[in-house]
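Nothing in this text is a laboratory measurement; each read-out follows from the coordinates by a stated rule. These numbers come from a predicted model, not from an experiment. So basically every Cβ, Gly included, is an ideal-geometry build from the backbone, and we count neighbours across all protein chains shown.
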Amino acid sequence: MAFVEVLIIAVSMAMDATAVCLGVGTTAHATALRSRMRLAFHFGLFQFLMPVLGWFAGVTIAPLVHAFAPWLSFGLLAFVAVRMIRSGLDPDSDCYPDDPTRGWTLVMLSVATSIDALAIGLTLALLRVSIWYPTTVIGVVTFAMSLLGLRLGNRLGEKFGKRMEIVGGAILVLIGLRILLVP
């Protein structure tokens, strides 16, 4: 597989994570370098691991993954989005009482943005493509684009305040709907 093809796949796979990072970046929790690196690292790691799992699973789980993956992604993103929108509408509320770059919220966001990568791994297995090179590129590109999304989200959050949490939540809902409705 040529580098340009792998890069195009990597950028398209990283778009969900970048959009989520844009939303998370609008909160005050993801301003520290350590928090941004942790979130970007986990998004990159999950984007690396999910295609590997899909590749190793092969065609045996394809029907299962196809059936529930969009709903799982939508549910996880919608859960986080509702919290963000509620916080944006209530000035005394905080959509992330804890740092979204830690714990279960971090895991939910990582899974939600990378579960569709299982299908990429499955596709690579069917094409008999070695898994390590493409998944490494996908992971690195996702890491870099996540950092960019967080930085842009931080700037927008500073400028527009809590209104950006509503926008960030809406972005997560739209990503979830795209995953659910566009095969």
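Residue 104 to residue 182: extension gain in nm, 0.36 nm per residue of separation minus the Cα-Cα distance?
25.4 nm
Helix 62-89 axis versus longest C-alpha principal axis of the chain: approximately 10°, rounded to the nearest ten. Residue exposure proxy: 130, 35, 110, ordered by other Cβ atoms within 10 angstrom of their Cβ from fewest to most, comes out as 130, 35, 110. In a simple Cβ point-charge model (Lys, Arg +1; Asp, Glu -1; nothing else charged), the chain has a dipole of about 240 debye relative to its Cα centre. The slack in the chain from residue 12 to residue 82, taken as 0.36 nm per residue of separation less the alpha-carbon distance, amounts to 22.7 nm. Qualifying trypsin sites (Lys or Arg not before Pro) in segment 112-162, where qualification requires a DSSP coil assignment and no more than 14 other C-beta atoms within 10 Å, comprise 128. Here r is the Cβ-Cβ distance between residue 32 and residue 128 and R0 is 41 Å; the resulting FRET efficiency, rounded to 0.05, is 0.40.
With each run of n ≥ 4 DSSP H residues scored as -39500 (n - 2.57), what mean residue ellipticity at 222 nm is computed for the chain after dividing by its residue count and rounding to the nearest 500 deg cm²/dmol?
-27500 deg cm²/dmol
Footprinting exposure proxy ranking of 89, 150, 181, fewest other C-beta atoms within 10 angstrom first, gives 181, 89, 150.
Averaging sequence separations of C-alpha pairs under 8 Å and six or more residues apart, then dividing by the length of segment 3-181, give the relative contact order as a whole percent. Intermediate values should be presented prior to the final figure.
Details: 305 pairs, mean separation 88.7, N = 179.
50 percent.
Relative to the longest principal axis of the Cα atoms of the chain, helix 103-114 runs at roughly 50 degrees. Once the Cα atoms of helix 132-160 and of the chain are each reduced to a long axis, what angle between those two axes, in degrees from 0 to 90 to the nearest 10, is obtained? Helix 132-160 and the main axis of the chain meet at about 10 degrees.
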